[in-house]
């Protein structure tokens, strides 16, 4: 397919940070009496923070309390991750080449704005992207395709003409529902976890040697 735009998820896709998030979630949930094994955290904890807390604790916390817990967890995550913050192997070159080829790029992440800004500003890559949307920019989190449709709209491109890079089944499902082709990076999940998702074009371990003009190969 002719690629008119490229959209990235952030966590687990541009940066290999999901285990840091999982450790932070495991510790924070344990503080409130919910002790999950790491496999359970990886299975159950995905999406927008406030939705995660509502799903796991039902009505135990008020919306304000969920926002506070979410903020505490993200502060813990950033503190843990800062010394190791870097792009996934090969992505810096991929972004540079995409810029040279004038391929519009965007980010659609379920992360809160503080975490997105933490990555973009610490690594100095914000200017590479035409659109950057986060959890508070949408009404419905992944697997709803809203965020990817909105990113494509901000780029003035039909989502069906985009390639979306994702690392999770939930995110890949959202990308597929937008009509885009999906490339899955296997930093967090294995290919067999994506069997039921259409539009998956290929699986990659990193961005090394990937051509932005034809990333599907």
| said: Of the residues 200, 184, only one is without any contact (Cβ under 8 Å) to a residue 24 or more places away in the chain, in contact with a helix residue (DSSP H, G or I) (Cβ under 8 Å, 6 or more places away or on another chain) and within 17 Å of residue 12 (Cβ to Cβ); which? | reply: 184
| So, of the residues in the range 168-182 that are within 22 Å of residue 210 (Cα to Cα) and buried (at least 24 other Cβ atoms within 10 Å of the Cβ), which turns out to be modelled with the lowest pLDDT? | 168
| message | I'm checking my understanding of the structure. Among residues of the range 77-95 that are surrounded by 13 or more Cβ atoms within 10 Å (Cβ to Cβ) and more than 18 Å from the chain's Cα centre (by Cα), which one is nearest to residue 16 (Cα to Cα)? | response | 80
| Residue identified as in contact with a strand residue (DSSP E or B) (Cβ under 7 Å, 6 or more places away or on another chain), modelled with pLDDT of 95 or more and not in a helix (DSSP H, G or I) among 207, 203 | 203
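The values are calculated or read from the model by the stated rules, or taken from the named source; none is laboratory data. For clarity, every value in this text was computed on a predicted model and none was experimentally measured. Note: ideal-geometry Cβ built from the backbone for every residue, glycine included; neighbour counts use all protein chains shown.
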